[in-house]
Amino acid sequence: MSTIISGIGVARGIVIGPVHKLHGRAMPVERKSVAPAAIEDECTRYTAARETAREQLEAIRDDIPDDTPKEIASFIDTHLLMLDDRAFSSAVTDTIRAESVNAEWALQQQCEQLVAVFDAMDDAYLRSRQDDVEHVVARIQRLLVRGDSNLSAQAAADADGPPVVVADDITPADVILLHQQGIGGFITEFGGPLSHTAILARSLDIPAIVGAHGAAAQVQEGELILVDGQAGEAIAAPSAAERAEFERRAQAHERFRAMLESLRDVPAVTRDGAQVTLLCNIELPADTAHAHGVGAAGVGLYRTEFLYMNRAELPSEAEQYAAYVNVIQAVSGPVTIRTLDLGADKQVDSGRLGGPTPNNPALGLRAIRLCLKEEDLFRVQLRALLRASAHGPIRIMLPMISNLDELLRARALIRGVMEELEEEGLAYDKQVPVGAMIEVPAAALAAGLLAPHCDFFSIGTNDLIQYTLAIDRVDDEVNYLYDPLHPAVLRLIRLTIEAGQAAGIPVSMCGEMAGDARYTRLLLALGLREFSMHPSSVLEIKRIVRDAELAALEPLGQELVGVADAARLQDILRELEPPAD
Ligand code: PEP
Ligand code: MG
């Protein structure tokens, strides 16, 4: 009997492969007594699992391709160091012997003690190590429970497709690691389509479903599962007919892709000749290959915070400079580099910068707020960015601006860094455009006041929708309220575009809405001419742009923001729907 699992499809594509269950976090285990005669065997079982964990990590690290971001290797190094610590060696076997208990229980005791110790630390960096403790414990636990969980080995051995991870939750860092290990797709029980885990799945082109409550309990390790990352549907232990249906979907998906491929080198112009700029969002320097592959006109959002993740130390100026130059040289067209946007669901291994975890991280010290508080941290990035600007066109984009003062302070800091570089005789682009992300309702409402001090705007709809509609973007319980078509959201987008037009500055959009084919005609109607999205959407959006006629769309956009009649609103929205595939 097959089992149907549904959730939210967040990254398109079909994958067919064996289930690989994972616990993103250490799971609770049962305490079992061990007979005196079996104690030494239990210790050996633990030591062997720890040894295998080490071998797995070493093998993954040694197999990492050259173009993999350095942060992945340092993430693995941190875990290797922990495995060597007494806490994960003699402390566990001592507990097995002293209490005559099973290895899983002894390991859990150690985990709890360590987490409590880390939790009580004043130092934010050390406090954050508790996440690593949990990850290391989860890895050893998996080996104790199941013997072997090396995905790479399993993928190679399995002729029936790449593994499909089914997990409670997966962090953005885990997505990078699992991608390296060759997974074909993933399903998580929690999370929403706007979480950074979902965004990363799209950018790495891994079919994924999130918010599939109870999925892990419904599937068995190793059984075959079919995943449709667009429909948000998966079928475990499928019948032959179900499998054939997914194989058909996979073929249709391939044909659609091939049709889109043929659009790579044609311009993004509407039927009536309006030029539209299609840019890419990238997370890692290696993503530039994708941007290049789809013929994007540049990068509209480079999320630099991923340079800061999965590592013990913050990246130096030299390292950042090298990463930015790398991206600039790999991309044709301007690269919009967003300054550090840490906080909320994006945290670094080096601890919550700026203090203890607040009750409402999304409303707390994140993005530009954090950078203006931690000026030294910001200055390092600004120096790297400005020095990189000597190698090609960049735009500096400031995240989460909510008032004019923040914008002016950030601009003053940029000017200060420019003067410093001047004195040191270091080259930089004196005209580098500096713009604001419009992702807080206050910024959209005050866009007219911000525009004279900006060289461009970029609308971040992921956060703009979260803050306007008061829904946590990573909380799947309130996901049903996420509505890009809410009149309040449409009005804020329109206001921002109008403010940009009045000030004569370009307005881009880099939230997920810009890469969602359902909204392309609507955004064109509202006056948007610059879209930035994950590379896998560029060709599909180009198809819609080339089919559109602005003369017909613009009057609809005007009417849309003021329409009071619900039936007329539905008519307009229908007219703005995308053309058939
Ligand atoms: C946004 O908020 O729309 C955005 C692009 O930024 P991020 O998703 O990184 O918060
Ligand atoms: Mg944002």
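The H on the amide N of residue 166, modeled in the peptide plane, is under 5 Å from the matching H of 20, 21, 22, 187, each at least 5 residues off or on a different chain.
Centroid-to-centroid, using Cα positions, segment 223-300 and segment 563-581 are 25 Å apart.
With the helix formula -39500 (n - 2.57) applied to DSSP H stretches of n ≥ 4, the chain reaches a computed 222 nm mean residue ellipticity of -14500 deg cm²/dmol. Each Cα pair under 8 Å and six or more residues apart adds its sequence gap; the mean of these over the residue count of the chain is a relative contact order of 15 percent. Extension gain for the segment residue 98 to residue 2, taken as residue separation times 0.36 nm less the Cα-Cα distance, is 29.9 nm to one decimal. When both bridge partners sit in segment 240-353, DSSP labels roughly 25% of those beta bridges antiparallel. Between residue 239 and residue 488, the modelled label-to-label distance comes to 4.6 nm, taking each label 7 Å out from Cα in the direction of the beta carbon. Rounded to the nearest 10 square angstrom, residue 174 shows an accessible area of 20 square angstrom against a 1.4 Å probe. The modelled label-to-label distance for the pair residue 272/residue 403, using points 7 Å beyond Cα in the direction of Cβ, is 4.2 nm. Annotation: the antiparallel percentage among DSSP beta bridges lying fully within the chain is about 35.
Heavy atoms of the protein chains alone define the surface here; on that basis the chain has 39 Å² accessible area per residue at 1.4 Å probe size. The fraction of accessible area contributed by carbon and sulfur in the chain is 52 percent, rounded to a whole number (1.4 Å probe; ligands and nucleic acids excluded).
Counting only DSSP beta bridges whose two residues both lie in segment 262-575, roughly 5 percent are antiparallel. Find how much the distance from residue 552 to residue 205 grows on full extension, using 0.36 nm per residue of separation minus their present alpha carbon separation; answer in nm with one decimal. Full extension of this stretch gives 121.5 nm more. Taking label points 7 Å from Cα along the Cα-to-Cβ direction, residue 569 and residue 77 give a separation of 5.5 nm.
Of all the C-alpha pairs in the chain, what % are more than 32 Å from each other? In whole percent, the long-distance tail amounts to 49.
Net charge in the neighbourhood of residue 255 (other residues with Cβ under 15 Å of its Cβ; Lys, Arg +1, Asp, Glu -1) is 0.
Pairs of C-alpha atoms in segment 469-530 farther apart than 13 Å represent 66 percent of all such pairs.
What the phi angles of segment 404-413 give under the Karplus curve with 6.51, -1.76 and 1.60, with θ = phi - 60°, is a coupling list of 5, 4, 4, 4, 5, 5, 5, 5, 5, 4 Hz, glycine and proline written as x. A full extension of the chain between residue 262 and residue 59 corresponds to an added length of 69.1 nm, given 0.36 nm per residue minus the alpha carbon distance.
Surface listing: 455, 287 arranged by accessible area from highest to lowest gives 455, 287, probe 1.4 Å. Can you check what the Kirkwood hydrodynamic radius comes to for segment 262-575, Cα pairs only, in Å to one decimal? Every distinct Cα pair counted, the radius reaches 20.0 Å. I need the GluC sites (Glu not before Pro) found in segment 264-321, filtered to DSSP loop residues with at most 14 other beta carbons within 10 Å of theirs. Taking segment 264-321 and a limit of 14 other Cβ atoms within 10 Å, the loop GluC sites (Glu not before Pro) found are 313. Taking all protein chains as they are arranged and a probe of 1.4 Å, the heavy atoms of residue 27 leave approximately 40 Å² accessible to solvent.
The values are calculated or read from the model by the stated rules, or taken from the named source; none is laboratory data. Being a predicted model, the structure only gives us computed values, none of them experimental. A quick note on method: Cβ atoms are made from the backbone with ideal geometry, for glycine too, and the neighbour counts reach across all protein chains shown. For the accessible areas, the whole protein counts, side chains as well, though only heavy atoms, and no ligand, DNA or RNA atoms are used. Shrake-Rupley method; radii C 1.70, N 1.55, O 1.52, S 1.80 Å.
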